[in-house]
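For reference, the structure discussed in these notes is given below.
The values are calculated or read from the model by the stated rules, or taken from the named source; none is laboratory data. Because the structure is predicted, anything quoted here is derived from the model rather than measured. We place every Cβ from the backbone using ideal geometry, glycine too, and count neighbours over all the protein chains shown. Calculation scope for accessible area: heavy atoms of the full protein, side chains included, ligands and nucleic acids excluded. Shrake-Rupley method; radii C 1.70, N 1.55, O 1.52, S 1.80 Å.
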Amino acid sequence: GLDGTVSKVASFDETEISYTAAANYMLTDNSGVFVRINSGHRMPYFDDFRDNYGAFQDGNMLIQDVDQYELGYKYVGSNMALYATGFYTEVDPSIFVALSGSTPGEISTNEAYGVEIDGNYYTDTGFAVNLNATVQESKIKKGVNVGKEQQRQPGYQLRVTPSYAFDAGSSSVKVYGTFTMVDSRFSDNGNTVTLPSYEKVDLGVVVDINDALTVQVSADNITDE
């Protein structure tokens, strides 16, 4: 009410340990497989105490535990590189607040699994292509909306960036374009409001005039999506 009265008091002093462990095995001089385990924590900040004050008073420390497991393959050759990583992630608790400060947050356990792909292809003529994609399934595992999709988590994202580099006098020039596709997703845990999928195109040029000066011009979302 902005009346000068202190109505909520929070005292917080907690410690958590995060770690990562990984192993890598080379299949050949150019390829290998790896496995990784990550365990981390996100500590609460001011808005978390304000929006979830009732849960905090009931003993919830509002610390998010984030665990991730990865299994991947990687290949690096003379003119190409490819990384493919399968992952499983769990966040507990995940806190979603529909309108900050006005309604209690929805506390749930969320999980996601999928694959990330990152590839690069190069040629001696200056042409190159970069590919980055993520395909995932994200669900609410425990909480009010069990089985619903996590808010703002698209099922896929794809970015392809071809580029061409060449010399122009004493300068080096690279022109590039990026095509992006993002799947539809929901803006709330109840999956009632859909944010539609979209595609967009970006263009750019980078000019290395000399060792001390680089100029870049980029045009974002030229199709106005």
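In the stretch 157-171, the residues that are over 18 Å from Asn130 (Cβ atoms) reach residues that are of a type outside the set (Gly, Ala, Ser) and exposed (fewer than 14 other Cβ atoms within 10 Å of the Cβ) with C-beta atoms within less than 8 angstrom, at least six apart or across chains, in these pairs: Ser170/Asn210; Ser171/Asn210. Once the stretch 15-33 is narrowed to residues that are open to solvent by 100 Å² or more (accessible area, probe 1.4 Å) and part of a loop (DSSP other than H, G, I, E, B), the residue that is nearest to Asn60 (Cα to Cα) is Thr15. Condition first: assigned to a strand (DSSP E or B), charged (D, E, K, R) and more than 17 Å from Asn132 (Cβ to Cβ). Can you find one or more residues in the stretch 192-204 that meet it? No, that holds for no residue. When restricted to residues that are assigned to a strand (DSSP E or B) and among the hydroxyl-bearing types (Ser, Thr, Tyr), the stretch 34-52 contains 1.
State whether one or more residues within the stretch 55-63 are in contact with a strand residue (DSSP E or B) (Cβ under 9 Å, 6 or more places away or on another chain), farther than 23 Å from Gly190 by Cβ and at pLDDT 95 or above. No, that holds for no residue.
Restricting attention to the stretch 103-154 and to residues that are without any contact (Cβ under 8 Å) to a residue 40 or more places away in the chain and small (Gly, Ala, Ser), the residue that is farthest from Thr85 (Cα to Cα) turns out to be Gly147.
For the stretch 65-86, the count of residues that are open to solvent by less than 50 Å² (accessible area, probe 1.4 Å), over 18 Å from Ile107 (Cβ atoms) and over 20 Å from the mean Cα position of the chain (by Cα) is at least one. Just one of (1) under 22 Å from the mean Cα position of the chain (by Cα); (2) under 30 Å from Asp167 (Cα atoms); (3) modelled with pLDDT under 95 fails for Asn132. It is (3). When Thr109, Thr194, Thr214, Thr125 are checked against the criterion of being touching a Lys or Arg at 6+ places or on another chain (Cβ under 8 Å), open to solvent by 70 Å² or more (accessible area, probe 1.4 Å) and either at pLDDT 95 or above or not acidic (Asp, Glu) (or both), a single residue qualifies: Thr194. Being farther than 28 Å from Glu137 by Cα, of a type in the set (S, T, N, Q), modelled with pLDDT under 90 and over 17 Å from the mean Cα position of the chain (by Cα) is the requirement here; does Ser102 meet it? Criteria met by Ser102. Pick out the one residue from Phe12, Phe96, Phe56, Phe49 that is farther than 19 Å from Thr134 by Cα, surrounded by 11 or more Cβ atoms within 10 Å (Cβ to Cβ) and in contact (Cβ under 8 Å) with a residue 60 or more places away in the chain. Going through Phe12, Phe96, Phe56, Phe49 in turn, the sole match is Phe96. Of all residues in the stretch 34-46, those satisfying the criterion of being more than 30 Å from Ala84 (Cα to Cα) and surrounded by fewer than 15 Cβ atoms within 10 Å (Cβ to Cβ) are Met43, Tyr45, Phe46. Could you please find all residues in the stretch 64-115 being more than 24 Å from Arg42 (Cα to Cα) and in a strand (DSSP E or B)? Hits for the stretch 64-115 are Gly72, Tyr73, Lys74, Tyr75, Val76, Met80, Ala81, Leu82, Tyr83, Ala84.
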